[in-house]
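Before any comments, here is the structure.
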2 protein chains.
Amino acid sequence: MAKHGYTIEQLMELAGLSVAASIASEYPKGRVVICVGPGNNGGDGLVAARHLNHFGYQPCLYYPVQPTKDLYTRLLLQCQAHGIAVVDDLADEVNKCDIVVDAIFGFSFKGTVRAPYDETLSILRGIDKPIISIDVPSGWDVELGNPQGVGLSPDMLVSLTAPKLCANHFAGRFHYLGGRFVPPDLARDLDIPQYPDSSQCVRLL
Amino acid sequence: MAKHGYTIEQLMELAGLSVAASIASEYPKGRVVICVGPGNNGGDGLVAARHLNHFGYQPCLYYPVQPTKDLYTRLLLQCQAHGIAVVDDLADEVNKCDIVVDAIFGFSFKGTVRAPYDETLSILRGIDKPIISIDVPSGWDVELGNPQGVGLSPDMLVSLTAPKLCANHFAGRFHYLGGRFVPPDLARDLDIPQYPDSSQCVRLL
């Protein structure tokens, strides 16, 4: 998308908005813990947190490693301007919340889960609250899915721009597509489904 | 908003999206001429054009003065990646289109309308197609409205973040609010109305 003149800030804004809109389509307003990873998947989560706040949810952030890159410090500052707290005790927060957003790892994750995220995933594998994963459930391989069993089992998956191969292994209730910014000609070639009217997300199953 | 860490690309993306969503709420799909000015109002128009294309409209751009600033060249490049044409003959295009978007001047406009926009406004004052103005109708004073009569008479006004004082003089059919990015605490202080669910726009009258 960069060759078409897009900035990462634009695409991340639309991606995160579509995640928040997908959540608002299925879950009642309530407390949301957003687990934020160190890369773009985490950035999408920070944007989603801010829009969820606008939509009437009470989001907080679990953000164990905060990169110093300008993009991420800005997104965190925006969340703070919305009064969105950063919390330290994930196990405690997931007890008090209604839903959890998994914005830890995305499509570029490979190999083994390193600290501190091994503990994060361990906590999230043990909860009974609905988990919403952005693009690829954390701990999954983008193509193979979750063969080693270390990944999460989300209730909702929000694929961005187009579903990744691993989405065939998704066994939760809601599969949505977001990131409505692929030029329509390309979208037709990629067999991306039609979004309804001006919606930023569309339910796939 | 800059002190809260926002970039202009983010805010413009949400502003332009809200303009496109407002239009999609009231006008059937069809041909749209977006008249693009030299500043931020024009930037909002370029973003709106792209989202209108996603929503199934056929937008084209009338863009007589194209600034070389990176922000604007990128937004134009994105439109071109969507196959959105730049047209030269405004009088001819307004005859063929269904609606016109006025993204020429915004809230910072003062004084007299200079070339080439004097001719642009002259053409647009004479048409019977619905005009959608972004934030402030072009040629209007942000507070006083259109006392000299050189400004446009839009059918729809999409105010951004909050209605400007001149909106009291708006005599068209549809007044919408967009730019859903003001932190909720501040929005309450400013008496900004509630948006429905995850909508990026809300009808005011």
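Every number here is computed from the coordinates shown, using simple stated rules; none is lab data. Just so it is clear, the model here is predicted, and its values are computed rather than measured. FYI the Cβ positions are ideal-geometry reconstructions off the backbone, even for glycines, and counts take in every protein chain you see.
Give the long-range amide H neighbours of A:Tyr62: residues separated by 5 or more places, or on another chain, with amide H under 5 Å away, using H modelled in the peptide plane at 1.01 Å from N.
A:Ile34, A:Cys35, A:Val36, A:Val87
Considering only the label points, 7 Å along Cα→Cβ from Cα, what distances in nm to one decimal separate A:Leu204 from the same position in each other copy, shortest first?
The answer, with the shortest distance listed first, is 4.0 nm.
Along Cα-to-Cβ, 7 Å out, sits the label point; list in nm, shortest first, how far the one on A:Pro28 is from those in the other copies.
Label point to label point, same position, other copies: 4.1 nm.
Per residue of the stretch B:45-61, in order, report the coupling 6.51 cos²θ - 1.76 cosθ + 1.60 (Karplus, θ = phi - 60°) as ³J(HN,Hα) in whole Hz, putting x for Gly and Pro.
Those phi angles translate into x, 5, 5, 4, 4, 5, 5, 4, 4, 4, 7, x, 7, 10, x, 9, 10 Hz.
B:Phe107: net charge of surrounding residues, Cβ under 9 Å, Lys/Arg +1, Asp/Glu -1, itself excluded?
On the way: positive: B:Lys164; negative: B:Asp135.
Charge balance in the 9 Å sphere: 0.
What's the lysine pair count for chain A at a Cα cut-off below 20 Å, pairs eight or more apart or interchain?
Working: A:Lys29/A:Lys96; A:Lys29/A:Lys129; A:Lys96/A:Lys129; A:Lys110/A:Lys164.
Going through chain A pair by pair, I get 4.
If we sort B:159-169, A:45-55 on the protection proxy, mean other Cβ atoms within 10 Å, highest first, what's the order? List each step's numbers first, then the result.
Working: B:159-169: 19.0, A:45-55: 25.0.
Sorting B:159-169, A:45-55 by mean packing, highest first, produces A:45-55, B:159-169.
Quick check: the distance between the Cα centres of the stretch A:50-116 and the stretch B:1-49, to the nearest angstrom?
The two parts, judged by their Cα centres, are 28 Å apart.
Quantify how much of the Cα-Cα distance distribution of the protein assembly as shown extends past 28 Å, in percent. Show your work: numbers first, answer last.
Working: 39637 of 83845 pairs.
The calculated P(r) of the protein assembly as shown puts 47 percent of pairs beyond 28 Å.
Report ³J(HN,Hα) in whole Hz for each residue of the stretch A:119-125, in order, from the Karplus equation J = 6.51 cos²θ - 1.76 cosθ + 1.60 where θ = phi - 60°; Gly and Pro get x.
6, 4, 5, 4, 4, 5, 5
What does the charge count around A:Pro59 come to, taking other residues whose C-beta lies under 9 Å from its C-beta (Lys +1, Arg +1, Asp -1, Glu -1)? Write down the numbers at each step before the final one.
On the way: positive: A:Arg31, A:Arg50; negative: none.
Spelling it out: positives minus negatives among the neighbours equals +2.
Using helices alone, I'd like the mean residue ellipticity at 222 nm for chain B: each DSSP H run of four-plus residues gives -39500 (n - 2.57), total over residue count, nearest 500. Write out the running numbers ahead of the final one.
Values: 6 runs with 68 residues, N = 205.
Roughly -10000 deg cm²/dmol at 222 nm, from the helical runs in chain B.
For the stretch B:190-203, take each phi angle, set θ = phi - 60°, evaluate the Karplus expression 6.51 cos²θ - 1.76 cosθ + 1.60, and give the result in whole Hz per residue in order, putting x for glycine and proline.
Each residue of the stretch B:190-203 in turn: 7, 6, 6, x, 5, 7, x, 5, 9, 5, 8, 8, 9, 7 Hz.
At 4 °C and a viscosity of 1.567 mPa s, what translational diffusion coefficient does Stokes-Einstein give for chain A, taking Rh as the Kirkwood radius over Cα pairs? Give it in µm²/s as a whole number. Mind dumping the intermediate values first?
Numbers: Rh = 16.8 Å.
The diffusion coefficient I find is 77 µm²/s.
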